[in-house]
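Novice: I have a structure here, written as structure tokens, and I will follow up with some questions on it.
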């Protein structure tokens, strides 16, 4: 498993999937808002229909979003913006990894590290993403 830290606008990422957060009451996290802007509010129109309200762990996969380079976008509910804890963040990351794996996605650009968590920096959030991805996707098959 490889992990790479890259920069750049989320709408310009040429990857199979971009992962972005949505808070309760359909409030878009920064990356989701940038993707929404690039898609001429396509994302906000979809979630206003009730497909995703931002409850923790909810997911919505959108395909071929206009104005974006990614094949699809995984929106994941993050719960109330000001109530995120370490455990909730880990749950969100684990749900994102499981959803990507179940969809057969082998490469993704995750922007979950942008989600604000009290008293936690970017380094901690990135480390959590890596550790959770590795533990969630680990398969013991040496004895097969």
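The values are calculated or read from the model by the stated rules, or taken from the named source; none is laboratory data. Keep in mind it's a predicted model, so treat the numbers as computed, not measured. Note that each Cβ is placed from the backbone with ideal geometry, even for glycine, and that neighbours are counted across all protein chains shown.
Novice: Answer yes or no: is there a residue in the range 75-82 that is assigned to a loop (DSSP other than H, G, I, E, B), more than 25 Å from residue 8 (Cα to Cα) and touching a strand residue (DSSP E or B) at 6+ places or on another chain (Cβ under 9 Å).
Specialist: Within the range 75-82, one or more residues are assigned to a loop (DSSP other than H, G, I, E, B), more than 25 Å from residue 8 (Cα to Cα) and touching a strand residue (DSSP E or B) at 6+ places or on another chain (Cβ under 9 Å).
Novice: Within the range 83-96, work out how many residues are part of a loop (DSSP other than H, G, I, E, B) and surrounded by fewer than 17 Cβ atoms within 10 Å (Cβ to Cβ).
Specialist: Count: 1.
Novice: Just the residues that are without any contact (Cβ under 8 Å) to a residue 12 or more places away in the chain, outside any helix (DSSP H, G or I) and under 23 Å from residue 28 (Cα atoms), please, taken from the range 99-136.
Specialist: Listed by number, the residues that qualify are 119, 121.
Okay, residues lined up against (1) in contact with a helix residue (DSSP H, G or I) (Cβ under 6 Å, 6 or more places away or on another chain); (2) farther than 13 Å from residue 19 by Cα; (3) at pLDDT below 95:
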| residue | (1), (2), (3) |
| --- | --- |
| 33 | no, no, no |
| 39 | no, yes, no |
| 44 | yes, yes, no |
| 59 | yes, no, no |
| 70 | no, no, no |
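Novice: Is one or more of the residues making up the range 43-66 in a loop (DSSP other than H, G, I, E, B) and in contact (Cβ under 8 Å) with a residue 40 or more places away in the chain?
Specialist: No - not one qualifying residue is present in the range 43-66.
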